[in-house]
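This report concerns only the one structure given below.
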Amino acid sequence: MNHLKLNKSDYYVIVPFATVLILTIILMVLIQLNYFDAHKIQSKDQIISVVATSTRSPDSSIQIGSYIDNIYNLSIDNKTFDANGWVWVTWSEKAEEFFQSRKLTPDKWLNFANQIDNWDFKLEQFHDDPIKLKNGHYRQGFKFSGHFYINDISFYKFPFETLKIPVIFELTDLNEIKTDKSIHDLYLEPDQLASGIGNYIDLTGYNTIAFNVFSKTHVYGSSFGSTIMETKPISTSQVIFQTTYKQSVNSGLLSQFLPLTIVMLLVLLSPTLSSSLWDVRLGVPPTALLTLIFLQQGYREKLPDIAYITFIDSVYNCCYFAILITFILFLWGSNKINLAPESEKALLIDKIDLIDKRFQLFIPTIMIAIIVLTWIKINYFHP
């Protein structure tokens with residue numbers, strides 16, 4: 001079968017369309033790279049992972065454990081949640097001497113680093129005074145309930161995102177008292193075995209998949225005007241008790257991707273219709289486009305206002321391009337048939353149908369490749 005020849009009028013359509021398509025693709029790549037967004041100011045604070053070492057003195061260790069009984073009132077928009085549970089600390093006799101010299105009680109030097117809204121925060125201690133253990137160490141515990149902040153929350157993988165909810169403890173004492181030893185010379189050591197989560201930890205819409213404890217060092221980007229620190233940034237020990245949640249993959253596939261897949265199958269199967277049915281074919285892409293816009297608005301209502309593109313956004317953008325190209329193909333084919341002499345229409349229809357079959361193989365392949373590369377990119381830069 002002879003190839004379909006393009007005439008001058010065809011180039012008047014193809015060249016502008018190809019130009020717009022290339023520019024649109026370049027624009028989308030720049031958007032993916034956040035080229036047009038203002039650069040985010042970087043905090044001077046640093047959170048550094050602590051490597052276990054045997055060089056630390058046991059007298060400088062403060063063991064801390066936490067049992068988080070309940071997490072609730074999660075607000076994705078405000079990046080906040082409520083939690084209650086227990087926390088306990090055990091420290092050496094030398095550390096107790098330091099605390100006594102500074103007149104510091106555990107509720108003063110133990111800081112809930114991501115706690116907010118002091119008006120509804122409750123902290124009830126187990127004992128009126130810390131109890132002394134047989135080995136000479138001291139121990140105190142608290143029942144806590146409060147409002148907390150999630151600093152690191154990411155929807156890049158939506159609807160398959162992972163939500164990490166932390167309760168963070170730090171050593172804190174910013175009083176300017178000249179001593180040979182600072183509370184920042186002490187360090188928190190997590191009680192891994194006794195720490196955990198309770199029965200009321202689950203969140204609606206998420207599966208609870210992990211509970212982890214991390215030792216960190218928080219290096220503040222300021223000395224808080226302290227003359228003792230000699231303008232050096234304050235560095236303090238930090239322990240994070242983190243509960244990890246993940247959206248159900250089955251739920252994401254059925255609620256978000258199944259409707260999208262069905263609509264796109266209708267679009268990609270529409271070239272199977274003979275090009276002689278041009279009036280029917282031209283109605284498919286606009287209908288699919290409106291349906292996709294409606295579906296996208298549906299899942300967007302579940303997300304806060306975010307300044308980046310999620311995985312499903314990228315999938316929808318890819319589908320929009322496929323619908324646009326399909327519509328242009330149908331427009332071009334219908335115009336060719338309409339302008340062709342009656343004696344050539346039958347042969348022309350066969351040639352256009354052959355192009356449509358090649359299109360049905362090419363476009364899905366390109367779409368799958370783009371979606372896979374997008375997922376790999378998101379997992380590489382936002383693991």
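The values are calculated or read from the model by the stated rules, or taken from the named source; none is laboratory data. Note that the structure is predicted; figures quoted are calculated from it, not measured. Virtual Cβ from ideal backbone geometry, glycine too; neighbours counted across all protein chains shown. Quick note on the areas: whole protein, heavy atoms, side chains included, nothing else; ligands and nucleic acids left out. Shrake-Rupley method; radii C 1.70, N 1.55, O 1.52, S 1.80 Å.
Which residues, taken from region 275-324, are more than 23 Å from THR162 (Cβ to Cβ), touching a Pro at 6+ places or on another chain (Cβ under 9 Å) and open to solvent by 30 Å² or more (accessible area, probe 1.4 Å)? Within region 275-324, THR291, LEU295, LEU324 qualify.
Taking every residue in region 95-118 that is basic (Lys, Arg) and pairing it with any residue that is open to solvent by less than 30 Å² (accessible area, probe 1.4 Å) and modelled with pLDDT under 85, at least 6 positions away or on another chain, the pairs with Cβ-Cβ distances below 8 Å are ARG102/ASP173; ARG102/ILE183; LYS108/ASP173. Taking every residue in region 213-230 that is over 30 Å from THR243 (Cβ atoms) and among the aliphatic types (A, V, I, L, M) and pairing it with any residue that is open to solvent by less than 50 Å² (accessible area, probe 1.4 Å) and modelled with pLDDT of 65 or more, at least 6 positions away or on another chain, the pairs with Cβ-Cβ distances below 6 Å are MET229/SER223.
In this entry, THR162 is excluded by the filter for residues that are modelled with pLDDT under 90 and either closer than 28 Å to TYR308 by Cβ or open to solvent by less than 60 Å² (accessible area, probe 1.4 Å) (or both).
Return a yes/no flag: does region 351-365 have any residue that is more than 26 Å from the chain's Cα centre (by Cα), within 30 Å of GLU161 (Cα to Cα) and surrounded by fewer than 14 Cβ atoms within 10 Å (Cβ to Cβ).
Scanning region 351-365 turns up at least one residue that is more than 26 Å from the chain's Cα centre (by Cα), within 30 Å of GLU161 (Cα to Cα) and surrounded by fewer than 14 Cβ atoms within 10 Å (Cβ to Cβ).
Regarding region 73-80, can at least one residue be identified that is farther than 30 Å from LYS377 by Cα and at pLDDT 70 or above? Yes: region 73-80 contains one or more residues that are farther than 30 Å from LYS377 by Cα and at pLDDT 70 or above.
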